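Below is one structure, written out as structure tokens, with a few remarks after it.
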Amino acid sequence: MALAAMAAPASAGGFGIGTQSGSGTGNAFAGGAAVADDSSVAWYNPAAMTLLPTNRQVTTAIHLVKPSFKFTNAGSTGAFAAPGTGNGGDGGDWAAIPNGFYTMTINPRLKFGLALNVPFGLATEYDPGWRGRFTGVESAIQALNINPSLGYKVNDNFSIGGGISVQHIKATLSGASAAGLVTNKGDDIGFGYNIGLIAQLSPTTRLGATYRSAIDYTLEGRVTVSGLGAANGNIKADIKVPDSASVSLFSTVSPKWELMADITWTGWSSIQRLDIIRTSASAGGAAGSTVSSLLFNWKDTVRLGVGANYKLNEQTKLRFGVALDPTPTNDIDRTPRLPDQDRTWIAVGVQYKPSKQGILEVGYAHEFVKDARVSTTVPAAGTLNGSFSNKADIISVQYSHAF
């Protein structure tokens with residue numbers, strides 16, 4: 001819980017956090033809705049809990065994520081043409097993302113699960129005086145999720161499941177202005193749901209499908225202006241995090257090899273703009289006036305992943321994975337707050353069973369991210385023109401224990 005209070009960097013398209021289990025990292029999270037390796041299925045597909053052979057299991061994971069966002073200027077105008085303190089340094093930094101899961105058997109057909117994780121997060125921070133400071137200095141968004149769920153085995157070939165998400169979201173957005181550094185902070189609690197199914201297509205192949213609902217938030221908090229305290233006041237902002245749907249296949253093709261694949265749709269078009277509105281009057285403006293408005297115009301995305309496992313022996317399994325993860329952003333509205341672009345995942349991992357009750361997972365993934373073009377105009381300041389050179393590395397360690 002303490003680690004979850006840290007801001008998390010985006011490790012998937014938009015500000016989604018793709019790292020939700022250590023066992024999934026080595027497969028680039030391919031086949032997540034059909035895989036049933038440990039109790040992390042309580043998040044990915046509650047129906048898959050019925051496939052777990054253990055009575056009770058606890059799974060904990062920590063993911064060390066290092067994104068990199070480095071800006072190169074290319075003909076900026078106005079105030080952005082002045083170098084300031086430079087090009088902002090690296091907007092990304094190391095962060096630790098925790099996950100925790102628990103599953104238990106209620107009766108031979110019914111399983112209970114609980115997920116504690118961070119499904120959404122964003123953390124970019126540039127040098128305070130950098131040339132693009134009027135477009136943003138710090139951006140941090142994080143959603144902490146608590147998700148109880150149930151999985152029910154209808155028959156030997158079909159299971160269904162569902163759960164409720166309780167998510168707390170908090171955000172910090174800061175940027176320079178003529179009056180000083182403007183910092184907006186707010187938070188809210190929202191509710192959603194998820195459903196899933198598992199179908200055994202043959203003795204060696206199963207299909208998994210899952211849907212997770214969108215969640216509406218009204219963040220409430222404060223705006224502060226470093227050079228004009230009288231402009232401080234209360235604010236609010238509405239945001240809707242996207243829904244998503246996945247279809248996955250998992251197949252045991254030989255005693256040594258397992259193959260998996262998935263397709264995941266995410267409704268990022270729910271995020272078109274973010275208006276931060278004053279709810280109290282101050283020197284900065286009347287109640288109902290706009291502090292700032294961020295234009296996104298994001299589009300829906302479809303992620304594709306394939307993976308494979310090789311059983312080296314009874315204790316050790318090797319993992320491999322590749323995924324294509326497109327960005328919801330576009331070259332016109334993209335800003336330094338999230339200079340996202342299309343990503344290609346390459347991942348490897350290893351599973352080791354030190355005992356009958358324990359499973360240790362270690363995974364590594366590298367994200368090759370396309371350069372992200374930025375052309376952002378701020379009235380009376382000019383236009384920031386350039387591109388970001390991006391990449392990300394993920395190291396995951398997970399331990400599961402049955403009892």
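The values are calculated or read from the model by the stated rules, or taken from the named source; none is laboratory data. What you are looking at is a predicted structure, and each value in this text was computed from that prediction instead of being measured. Here Cβ is always computed from backbone atoms with ideal geometry, including for glycine, and neighbour counts include all displayed protein chains.
Condition check: of a type in the set (S, T, Y), over 25 Å from the mean Cα position of the chain (by Cα) and either under 25 Å from A48 (Cβ atoms) or exposed (fewer than 15 other Cβ atoms within 10 Å of the Cβ) (or both). Does S244 satisfy that?
Here the answer is no, as S244 does not meet what is asked.
The single residue among I189, I271, I239 that is β-branched (V, I, T), farther than 30 Å from Q351 by Cα, modelled with pLDDT of 95 or more and surrounded by fewer than 18 Cβ atoms within 10 Å (Cβ to Cβ) turns out to be I189. Contact map, the stretch 321-348: first residue at negative phi and without any contact (Cβ under 8 Å) to a residue 60 or more places away in the chain, second residue aromatic (F, W, Y) and surrounded by fewer than 18 Cβ atoms within 10 Å (Cβ to Cβ), Cβ cut-off under 7 Å, separation 6 or more or different chains; pairs are T344/F368. Can you work out which of the residues in the stretch 196-216 that are within 19 Å of the chain's Cα centre (by Cα) and part of a strand (DSSP E or B) is surrounded by the fewest Cβ atoms within 10 Å (Cβ to Cβ)? So the residue we want is D216. Looking only at the stretch 81-95, decide whether some residue is closer than 30 Å to I146 by Cα, modelled with pLDDT under 95 and outside any loop (DSSP other than H, G, I, E, B). Yes; the residues of the stretch 81-95 include at least one that is closer than 30 Å to I146 by Cα, modelled with pLDDT under 95 and outside any loop (DSSP other than H, G, I, E, B).
Residues in the stretch 229-244 that are in a strand (DSSP E or B), farther than 19 Å from F191 by Cβ and either among the aliphatic types (A, V, I, L, M) or in contact (Cβ under 8 Å) with a residue 60 or more places away in the chain (or both): 1 in all. In the stretch 349-386, of all residues being among the acidic types (D, E) and outside any loop (DSSP other than H, G, I, E, B), the one that is surrounded by the fewest Cβ atoms within 10 Å (Cβ to Cβ) corresponds to E367.
Only one of the listed residues (A123, A178) is surrounded by fewer than 17 Cβ atoms within 10 Å (Cβ to Cβ) and of a type in the set (G, A, S). That residue is A178. Here L114 meets the list (1) in contact (Cβ under 8 Å) with a residue 40 or more places away in the chain; (2) closer than 30 Å to T77 by Cβ almost entirely, failing just condition (2).
The lone criterion from (1) within 20 Å of D156 (Cα to Cα); (2) among the aliphatic types (A, V, I, L, M); (3) in contact with a strand residue (DSSP E or B) (Cβ under 6 Å, 6 or more places away or on another chain); (4) surrounded by fewer than 24 Cβ atoms within 10 Å (Cβ to Cβ) left unmet by A47 is number (4).
Among the numbered conditions (1) over 30 Å from P379 (Cα atoms); (2) within 22 Å of the chain's Cα centre (by Cα), the only one that L259 does not meet is (2).
Selection of the stretch 280-294 for residues being surrounded by 14 or more Cβ atoms within 10 Å (Cβ to Cβ) and either of a type in the set (A, V, I, L, M, F, W, C) or under 23 Å from the mean Cα position of the chain (by Cα) (or both) yields V291, L294.
Every listed requirement among (1) out of contact with any Pro (no Cβ under 8 Å at 6 or more places or on another chain); (2) modelled with pLDDT of 95 or more is met by A381 save one, (2).
Being on the phi < 0 side of the Ramachandran plot and assigned to a loop (DSSP other than H, G, I, E, B) is not true of G113.
Would you check if R109 is of a type outside the set (A, V, I, L, M) and buried (at least 23 other Cβ atoms within 10 Å of the Cβ)?
No; evaluated as a whole, the condition is false for this residue.
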